[in-house]
Amino acid sequence: MRTQCKTMTRRALALLAALTLLLSTALTAYAVNGASLDFSRTGSVTLTLKDGDGNPVSGGEITLYQVATLYLDGADMAYTPTEAFADYIGELDVTDTSLAETLADYVAGESISGTALEIGTSGTVSFGGLELGLYLVTQTAESDNYETINPFLVTVPIDSDDEWVYDVDASPKVGTVTPTEPQDPGDPDDPGKPDEPDKSKPDTPTPTTSKTTSTLPQTGQLNWPVPLLGGCGVLLFALGWLLKNTERKENPR
């Protein structure tokens, strides 16, 4: 019976040791993800604008603003506002869906300048040589017969399948502007009742632009395994101590 108990205890110790090693390896691998950022590299942001039918949207102008630079705070990702956004008092929380609109209003109010490029005939515009950080994308001149895209944020780089992607592709769809027919002013000498709208024709809704958002890269910090690893260590110690005392009682010197 004692031999069976000792065997089970040893197996439990071996299982706990393997589990602890596995969790430690996973934790290390996750932390390396954040530390593997190459700050000597630059990135790019490319937009390909197409309408709902897949046709390229050319003309118009896209402007890019660097909102913040990227740095590592230990294993955590963090942002430092650029000089142009140093007086912005809000929090740079990219999970806030209204942040892009708020920053676009701030840019307009403070007359902040960015990098503006014309949209090519293929509907593509590309910004290269970008420092790692957080960027605001706005359309500062509309394309003919198309609505402007909504402002959105993008980070350089982004985390895709645990791999840093420094050349970011952001491709929002663009809504077509529905032309409206001019109203018949009627007889100027007859200030009578205005023309009634034609009820037989349904209203044509104006398509809205879609908004592309980019998520914050993984921070490289994982907190939940810490107490679990600690608990495994304590349990390993307790089982080892119990096994050692059992052997001493069975084999006294």
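Just so you know, all these numbers are worked out from the coordinates, no wet-lab data involved. Note that the structure is a prediction, hence the values are computed from the model and not measured. Note that we place each Cβ from the backbone using ideal geometry, even for glycine, and neighbour counts take in every protein chain shown.
In table form, for the structure just shown:
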| item | result |
| --- | --- |
| Efficiency of FRET from Cβ geometry, GLU101 and ASP162, R₀ 30 Å, rounded to 0.05 | 0.45 |
| Peptides 156-169, 77-90 ordered by average Cβ neighbours within 10 Å, highest first | 156-169, 77-90 |
